[in-house]
Amino acid sequence: MDKKKIEHLCSRCRKTNTREEICSRCISELLELHDHRIGWKMALEIEREERDGENISIETQ
């Protein structure tokens, strides 16, 4: 059976169709804007929290 992969709009930029949560361009931007060692998923969460005005703290070791 041929399974179609469902594409949807990027949850960050709302412009690009993607199979993932966010598009590759947004992943690159997140890694560039935030510490690349934390990964794009954590960077996306930080961005969302900052946008929502939440006070967050990240403990680095």
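The values are calculated or read from the model by the stated rules, or taken from the named source; none is laboratory data. All of these numbers come straight from a predicted model, not from anything done at the bench. Positions of Cβ are backbone-derived with ideal geometry, glycine not excepted, and every protein chain shown enters the neighbour counts. What goes into the accessible areas is simple: the full protein's heavy atoms, side chains included, and nothing from ligands, DNA or RNA. Shrake-Rupley method; radii C 1.70, N 1.55, O 1.52, S 1.80 Å.
Just to verify a result, which residue in the range 23-50, among those that are in a helix (DSSP H, G or I) and among the acidic types (D, E), is farthest from S11 (Cα to Cα)? Filtering first and then ranking leaves E32.
Contact map, the range 31-56: first residue under 18 Å from E21 (Cβ atoms), second residue of a type in the set (S, T, N, Q) and modelled with pLDDT of 85 or more, Cβ cut-off under 9 Å, separation 6 or more or different chains; pairs are W40/S28; L44/S11.
Results for (1) open to solvent by 60 Å² or more (accessible area, probe 1.4 Å); (2) modelled with pLDDT of 85 or more, shown as yes or no for each residue.
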site	(1), (2)
R14	yes, yes
W40	no, yes
L44	no, yes
R48	yes, yes
E54	yes, no
S57	yes, no
